[in-house]
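Trainee: My questions all concern the structure below.
The values are calculated or read from the model by the stated rules, or taken from the named source; none is laboratory data. These figures come from a predicted structure and were not determined experimentally. Virtual Cβ from ideal backbone geometry, glycine too; neighbours counted across all protein chains shown. Just the protein is used for accessible areas: all its heavy atoms, side chains included, with ligands, DNA and RNA removed. Shrake-Rupley method; radii C 1.70, N 1.55, O 1.52, S 1.80 Å.
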Amino acid sequence: MDFTFTEEQQAAVEAARAVFSDVAPDRVPSPALTPGAVAEDIDRQLWNELARTDLLGLTLSPDHGGAGLDPIALCLVLRESAKVLARVPLLESCAVAMTVQRYGGSTLAAELLPPAGRGELILTVGANGRSGHDPAELAVAARPYGESGENEESRGASAAASGSGWVLDGVQSAVPWAQVADWIAIPAHTAEGRPVLALVPRTREGVTLADQVSTSGERLAEVRLDAVRVTDRELIDDPGCWEWLRSLLTTGTCALALGLGERVLAMTAAYTGKREQFGFPVATFQAVAVQAADRYIDLRAMEATLWQAAWRISADAGGPLPAAGDVAVAKIWASDGVRRVVQTAQHLHGGFGADTDYPLHRFHAWAKQIELSLGPAAAHEEALGDLLAAHPLG
């Protein structure tokens, strides 16, 4: 297969590099020295610059003011963002917008997508469920309003007037940037066990947020839904919607792992190339060179499996396994690979890698967060095994 990028995709990479070239990983306090979140808000300056250069609408159709590119283009931009630890919900907002565009109704798309592409509206998603171990859609129950047993008068005049819609009850944990998002995508399940996706305004009655902090020091939230009303147009019940969004989020996370790993290996090469022992750069020592070469191989495997997964999602291409199989393989390599890259980098930097005045420890914290996001390698190995059992090869 041909993984050559199109001119439009390459142009997106160049635009992203220009925007991220002015971003320093140490714009905020070190997570190692901060007891809570390193900042209360996203990097608004960067977010506005992404909007100005049309990178937030990269994957939206021209009808919604976007460039009409595919998930591969988004992954290319995410790869560049991770090299500077960009503190913006680029993956979450773009992934939710793409899902609304693909599966949502025209009214919802017209309301959310143009302002999202302009950076005026932030979207995020609860993809971790209650604990991060069970499927996220099982953490929230969705019931048609008439079956909820509620008194319409208790929900206000507007709810009583509609007489239809859905009621959500449950918890989504570790939702990124929920406190600053305008809408939160909530996966849920119906009484029949069917997965659905609800788009809920953060300020909707019954939604409460509790602060959480990620391994990288970024602000997360536990989103609790207590009899939250959503209209029919705010709930997407296409059977493939949540699976596609989760696959896109996972693939985007793999792109973040690749970009972070590439930056860390470049930092390691620069350091070992000038750090001397016995009168020679340590990079010339065989033990150092072999470890760096192994991590380079990890990155190339992460890259190949990433583009395979992104291509399956973008092209809706068939294969012996569903696209979820390629996504699982990409996440296995991304989780294990990024962990090995940062561990080797710390080892080859010696004690200097733990210096909080040097940015490597920040990359290490982000790498651990990425490794475990949306399932570590072991979880995806189990998912891949289930797919192989259900779709025997040969």
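Trainee: For segment 106-150, what does the alpha-carbon gyration tensor say about shape, rounded, prolate or oblate, given a ≥ b ≥ c as the root eigenvalues, a/c under 1.5 as rounded, and a/b over b/c as prolate?
Mentor: Values: a/c = 3.68, a/b = 1.40, b/c = 2.63.
Because a/c hits 1.5 or more and a/b fails to exceed b/c, segment 106-150 counts as oblate.
Trainee: Taking Lys274 as the anchor, which aspartates and glutamates have their alpha carbon closer than 12 Å to its alpha carbon, excluding any fewer than eight residues away along the same chain?
Mentor: Hits, sequence-local ones excluded: zero.
Trainee: Pull out a ≥ b ≥ c, the square roots of the eigenvalues of the alpha-carbon gyration tensor of segment 1-150, then state rounded if a/c is under 1.5, prolate if not and a/b is larger than b/c, and oblate in the remaining case.
Mentor: Values: a/c = 1.84, a/b = 1.20, b/c = 1.54.
Since a/c reaches 1.5 but b/c is at least a/b, the shape of segment 1-150 is classed as oblate.
Trainee: Quick check for me: using +1 on Lys/Arg Cβ and -1 on Asp/Glu Cβ, what's the dipole size of segment 283-394 about its Cα centre, in debye to the nearest 20? Kindly include the intermediate steps, with their values, before the conclusion.
Mentor: Details: 8 positive and 12 negative charges, 34 e Å.
For this selection, approximately 160 debye.
Trainee: Then there's this: Summing -39500 (n - 2.57) over the DSSP H runs of n ≥ 4 in the chain and dividing by its residue number, what mean residue ellipticity at 222 nm do you reach, to the nearest 500 deg cm²/dmol? Write out the running numbers ahead of the final one.
Mentor: Values: 11 runs with 185 residues, N = 394.
Mean residue ellipticity, 222 nm, calculated: -15500 deg cm²/dmol.
Trainee: Once amide H atoms are built 1.01 Å from N in the peptide plane, which residues 5 or more positions from Val213, or in another chain, come under 5 Å H to H?
Mentor: Leu220
Trainee: Another one. Using unit Cβ charges (K, R positive; D, E negative) and no other charged atoms, how large, in debye to the nearest 20, is the dipole of the chain about its Cα centre?
Mentor: Details: 31 positive and 50 negative charges, 199 e Å.
About 960 debye.
Trainee: Same structure again: Given a Förster distance of 35 angstrom, what is the FRET efficiency for Tyr358 paired with Leu138, based on the Cβ-Cβ distance and rounded to 0.05? It would help to have the intermediate numbers written out before the result.
Mentor: Working: r = 42 Å, r/R0 = 1.20.
Step by step, r from the Cβ atoms, then E = 0.25.
Trainee: Positive end of the dipole of the chain, charges at C-beta (+1 Lys, Arg; -1 Asp, Glu), about the Cα centre: which of Ala390, Leu108, Leu260 has its Cα farthest in that direction?
Mentor: Leu260
Trainee: Further question on the same structure: From the residues Ala18, Leu220, Thr305, which one has its Cα farthest along the dipole of the chain in the positive direction, the dipole being from +1 and -1 charges on Cβ of Lys/Arg and Asp/Glu about the Cα centre?
Mentor: Ala18
Trainee: I need the calculated FRET efficiency for the pair Thr6 and Phe278, taking r as the beta carbon distance and R₀ as 51 Å, to the nearest 0.05. Let's see the in-between values first.
Mentor: Working: r = 49 Å, r/R0 = 0.97.
Here the calculated transfer efficiency is 0.55.
Trainee: Same structure again: Consider the candidate values (i) 19.8, 66; (ii) 20.1, 63; (iii) 21.7, 81; state which one is Rg and Dmax of the Cα atoms in Å computed from the structure displayed.
Mentor: Checked against the structure: label (iii).
Trainee: Can you return the lysines within cross-link range of Lys331? Criterion is Cα-Cα under 21 Å, with same-chain partners fewer than 8 residues away left out.
Mentor: Of all the lysines, those that pass the test against Lys331 - Cα under 21 Å, at least 8 places apart if same chain - are Lys83, Lys368.
Trainee: Let me ask something additional. Give me the percent relative contact order of the chain, please, defined on Cα pairs under 8 angstrom at least 6 residues apart. Numbers along the way, then the final one.
Mentor: Numbers: 713 pairs, mean separation 62.3, N = 394.
So the answer I get is 16 percent.
Trainee: If packing is taken as the average count of other Cβ atoms within 10 Å, what order do 103-110, 275-282 fall into, highest mean first? Could you put the intermediate results ahead of the total?
Mentor: Working: 103-110: 16.1, 275-282: 11.1.
The most tightly packed comes first, giving 103-110, 275-282.
Trainee: Quickly work out the Asp232-to-Arg44 label distance, labels modelled 7 Å from Cα along the C-beta direction, and quote it in nm with one decimal.
Mentor: 4.0
Trainee: Right, next: For the chain, what % of the accessible area comes from carbon and sulfur atoms, probe 1.4 Å? The partial results should precede the final answer.
Mentor: Details: 8860 of 16810 Å².
C and S fraction of accessible area: 53 percent.
Trainee: If you don't mind, another one. Rolling a 1.4 angstrom probe over the protein heavy atoms, how many square angstrom per residue are accessible across the chain? Working shown, then result.
Mentor: Working: 16810 Å² over 394 residues.
With the other protein chains kept in place, the chain gives 43 Å² per residue.
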